[in-house]
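See below for the structure under consideration.
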Amino acid sequence: MKSKLYIMFISLASIILVTSNSNAVIRKCIICHQKPEIKKVLPTGEVISVYVDKDILRHSVHRRLKCQDCHTDVTVIPHKGIKIGRVHCERCHYKGSPYPVPKPDHIYKKYWNSIHGKKRRAGDPHAPWCQDCHGGHNVLPPSNPKSLVYKKNVPATCGKCHKKAYKEYKDSVHGVALLKKGIMDVPSCTDCHGKHAVYSPGKPYSSVNPQKVPETCIKCHANKAIMKRFDVSVDTATTYEDSFHGIALKFGELKAANCSSCHGVHNIRAPSDPLSTVNKKNLPKTCGKCHPGANENFAKGKVHLDIHSKSAGMVYYLANFFIFLTAGTMTVLFIHIFLDLYRRVKEKREGL
């Protein structure tokens, strides 16, 4: 009993000591870093702020860490004259780490193979690292509405670099639903492009590669529960796959129109919106990107036809006509072959 109490006492004392030590270190660092005007000049000449908000740090997921747990370059305080580099999150977040933290080994592999990771390895100073997306001293769980990677905040986080895309997305049907109406079922940047595995559209394994675009859009647009909420038909997904464009794309013709070719990428709007690329007035221009000379007749026909439904009009009857024609032709052909074989067998038996 005494030994158990002793162990408990030692453990509690260790926790208090670590916490106390951590707070003591933070108190030392914060003497300088709590000044809003404190800045650092990078070798490139760029001036950045190194101000730390105590309240923000106190509420972050790293609140129990000492400053030097992340800033390992800092060996003495004050650290004047010491070259301090960027924080490497992999120092703690790796498989086998002794720290009680998430160990997403596969995430780092995805990141370093992504377009962001490759640019970072190539020395691009603007390529994002972990803290550019997740935050530095303000790292919060993705489920926290104040987190930089909370779904509703993701567009603004990505928009720090991708300004044009962010501007277009904000006014799109997806952006308005998410950012203004707070509807969480609509796609944000990471739902289409991926989180850590963000690849160039030119890569065949990218979720926004022309051949993969329909598959990416179908994740939502073939979901009856989600589409019912927005009064959108799921038939648009299946009818595209059965269309000339969908079949051509499936067989590797990357120039064939996919969802984004017609509806846009970040600027997707409802067909009723005058600025929509699929608004009837704009269809000739949209179709004209692939079909030079497209005129108003392109806007008169139905889009996303379901050839199995009578709503497709003449196309439905023509499709069925050819089905019956093919079936009838094959039936007559097989009867002809059977009769010919029968005749040959009969002639052989009769010795003719």
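No value in this document is a laboratory result; all are computed from the given coordinates. Predicted model, so just to flag it, every value in this text is computed and none were measured. Here the Cβ is made from the backbone with ideal geometry for all residues, glycine too, and neighbour counts use every protein chain on show.
Quick notes
- Loop-resident GluC sites (Glu not before Pro) (DSSP state other than H, G, I, E or B) in the stretch 228-297 with no more than 16 further Cβ atoms inside 10 Å of their Cβ: GLU253, GLU296.
- Entries in LYS203/LYS224; LYS35/LYS83; LYS39/LYS180; LYS151/LYS219; LYS146/LYS181 that, when Cα-Cα distance is taken, lie over 25 Å: LYS203/LYS224; LYS39/LYS180
- Within the stretch 278-315, the trypsin sites (Lys or Arg not before Pro) that combine a DSSP coil assignment with at most 15 other C-beta atoms in a 10 angstrom radius are LYS280, LYS281, LYS289, LYS302.
- Positive end of the dipole of the chain (Cβ unit charges, origin at the Cα centre): among HIS93, GLY194, PRO292, the Cα lying farthest that way belongs to HIS93.
- Lys/Arg +1, Asp/Glu -1 at C-beta; the stretch 311-352 dipole; positive extreme among ALA327, GLY351, TYR317: GLY351
- Using alpha carbons only: equivalent-ellipsoid semi-axes of the stretch 228-321, gyration tensor based, whole Å: 21, 17, 16
- The stretch 120-203: trypsin sites (Lys or Arg not before Pro) falling in loop per DSSP and having at most 10 other Cβ within 10 Å: LYS181
- Considering all C-alpha pairs of the stretch 311-352, those separated by over 18 Å amount to 53%.
- Residues ILE31, ILE183, sorted so that the one with the fewest Cβ neighbours within 10 Å comes first: ILE31, ILE183
- Likely footprinting exposure, HIS126, HIS174, fewest C-beta neighbours within 10 Å first: HIS126, HIS174
- Computed magnitude of the charge dipole of the chain (debye, nearest 20; Cβ of K, R +1, Cβ of D, E -1): 1200 debye
- Net dipole in debye of the stretch 311-352 [+1 Lys, Arg Cβ; -1 Asp, Glu Cβ; about Cα centre; nearest 20]: 220 debye
- Comparing VAL176, VAL149, PRO204 along the charge dipole axis of the stretch 132-243, the residue lying farthest to the positive side is VAL149, per the Cβ-charge model.
- When Rg and Dmax are taken over the Cα atoms of the chain, they come to 31.1, 114 Å.
- About the centre of its Cα atoms, the stretch 268-352 shows a dipole size close to 120 debye [charges on the beta carbon of Lys, Arg (+1) and Asp, Glu (-1) only; nearest 20 debye].
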